[in-house]
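Presented below is the structure to which this report refers.
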Amino acid sequence: MISSTTMGLLVLLALSIPVGIVLFLLGFGIDAFFSPFPLIRGLGNLVWSTSNNATLIAIPFFVLLGEVLVRSGVAARTYAALDRWVSWLPGGLVHANVATATMFSATSGSSVATAATVATVAMPQAERLGYDPKLFSGAIAAGGTLGIMIPPSINLIVYGFLTQSSIPKLFLAGLLPGLGLALGFMVIVAIICLLRPDLGGERRMFPFVQMMRALLALVPIILLFTVIIGSIYKGWATPTEAASVGVFGALLIGAVFGTMNLSVLHESLLGTIKITSMIMLVVIGASFLNFTLASANLGGALEGLLDSMNLTPFGLILVVVGIYIVLGFFIETLSLMVVTIPIIVPLVVAQGYDPIWFGILMIVLIEMALITPPVGLNLYVVQGARKTGRMGDVMLGVIPFVLVMLGMVALLIAFPQIALYLPETID
């Protein structure tokens with residue numbers, strides 16, 4: 001049943017059927033062929049109980065927060081400000097791509113939104129200043145992945161919902177690895193451009209007065225992040241309440257800068273509806289699939305398979321890492337999470353691993369799936385913003401950043417406290 005389910009998933013995805021529908025179809029198939037009970041009769045109750053969960057209300061709020069910031073021009077001002085602070089490094093403006101993605105990730109919660117925002121703002125600069133298109137676009141695609149690691153992260157909310165883990169702790173756990181990845185991306189860019197200066201474009205210095213003035217454009221984003229994460233950390237607000245406060249703050253920032261109007265608000269709300277509908281369809285479809293898989297005892301079958309391999313806890317983690325890397329080539333990231341979490345997480349936790357730590361490890365592996373072909377969404381987002389050149393340039397450009405992510409996977413396995421230090425401070 002394991003092989004038939006996996007094969008069915010890959011075949012349906014290859015037919016370009018929407019992921020949420022694929023999950024429902026697989027659930028119906030498992031119900032018809034492997035379950036002794038008519039599970040479909042519980043579909044209505046399962047759909048209602050899943051969509052009625054208060055934790056998931058945070059998702060549309062965080063999506064709306066990112067939409068407002070993008071469409072009100074805050075992202076463009078942030079990019080211009082960071083350009084003045086990091087363009088003196090080897091690699092020049094490439095560092096601004098990573099820094100802007102990091103800053104925007106701290107408010108958007110979405111990797112695709114982050115990549116799309118930075119790509120739209122940055123690509124004209126690459127053409128004008130003569131940067132290598134591979135490295136420049138690869139940095140944007142990789143930087144965009146930070147949107148699901150640095151809190152607030154929609155994917156961490158979904159993980160917390162599916163595993164009944166503390167979302168505030170997951171947010172704190174993702175902070176140091178997220179910043180570590182951002183630093184690693186900038187270091188690898190600097191090394192490459194020191195070895196090949198022609199790839200990095202012109203290194204630019206700005207007067208100190210301009211640099212200090214640019215900090216004013218960063219203040220709103222920093223304050224917004226502080227309010228959202230600080231209120232969750234202090235226990236003053238739940239993630240959902242903090243997200244609603246964040247939306248109000250984003251609207252206020254847009255109003256202060258004079259870029260908020262009815263048109264921007266309408267586009268933000270419309271974009272939020274589209275993205276949230278897609279996410280909820282996937283989550284509900286995955287809940288039904290997981291229900292049918294559990295009823296058909298797939299978890300027990302997989303556990304028996306792994307037990308027969310006589311793996312040590314460390315060996316199990318290595319196998320799980322390999323599974324996610326391979327599946328990440330073929331399955332969209334959110335779908336990969338919701339399909340595998342109910343099966344993999346109990347096995348990992350049974351070996352004594354912390355579910356908060358494993359959630360962060362999984363997110364790093366999911367980030368890799370965002371920039372590895374053929375399904376890496378960020379690759380297509382960046383290529384769409386380029387409008388010229390070959391898709392292969394973007395694929396080649398992300399290779400150094402994939403290596404950095406693999407390095408972070410190794411560090412998290414070797415030193416779990418990278419993820420667990422901050423969450424343990426609130427115990």
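For the chain, the membrane-span-like helices by this rule, meaning whole DSSP H stretches whose C-alpha atoms cover at least 27 Å of axis and whose Kyte-Doolittle mean is -1.0 or above, are 167-195, 208-233, 262-295; this says nothing about an actual membrane. Comparing mean-square fluctuations of GLY201, GLY91, GLY66 from a GNM of the chain with C-alpha springs under 10 Å, the top value falls on GLY201. If I build a Gaussian network model for the chain, linking alpha-carbon pairs within less than 10 angstrom, which residue out of LEU179, LEU65, LEU156 has the largest mean-square fluctuation? Evaluated over the chain, the most mobile residue of the options is LEU179.
Its DSSP H runs of at least 4 residues, each contributing -39,500 (n - 2.57), put the calculated 222 nm mean residue ellipticity of the chain at -25500 deg cm²/dmol, to the nearest 500. A Cβ-based charge dipole, computed about the Cα centre of the chain with Lys and Arg at +1 and Asp and Glu at -1, lands at about 940 debye. Short-range pairs are left out: with C-alpha atoms under 8 Å and at least six residues apart, the relative contact order of the chain is 27 percent.
Spatially, the stretch 303-328 and the stretch 201-238 are offset by 41 Å when compared through their Cα centroids. Compared with the direct C-alpha span, the chain from PHE206 to PHE257 gains 16.0 nm at full extension, assuming 0.36 nm per residue. Taking every alpha-carbon pair within the stretch 99-146, the share separated by more than 17 Å comes to 27 percent. Anyone know which of GLY389, GLY144, GLY92 comes out most mobile in the 10 Å Cα GNM of the chain? Its mean-square fluctuation being the largest, the pick is GLY389. Peptides 274-285, 241-252, ordered by how many other C-beta atoms sit within 10 Å of their residues on average, highest first, read 241-252, 274-285. Calculation over all alpha carbon pairs of the chain in 20 angstrom steps from 0 returns a P(r) of 26, 58, 15, 1 percent.
This ranking places HIS95, HIS266 by how few other beta-carbon atoms lie within 10 Å of each, fewest first, which gives HIS266, HIS95.
None of the figures in this text is laboratory data; all of them are computed from the coordinates on show. Just so it is clear, the model here is predicted, and its values are computed rather than measured. Every residue, glycine among them, receives a Cβ derived from its backbone with ideal geometry; neighbour counts consider all protein chains shown.
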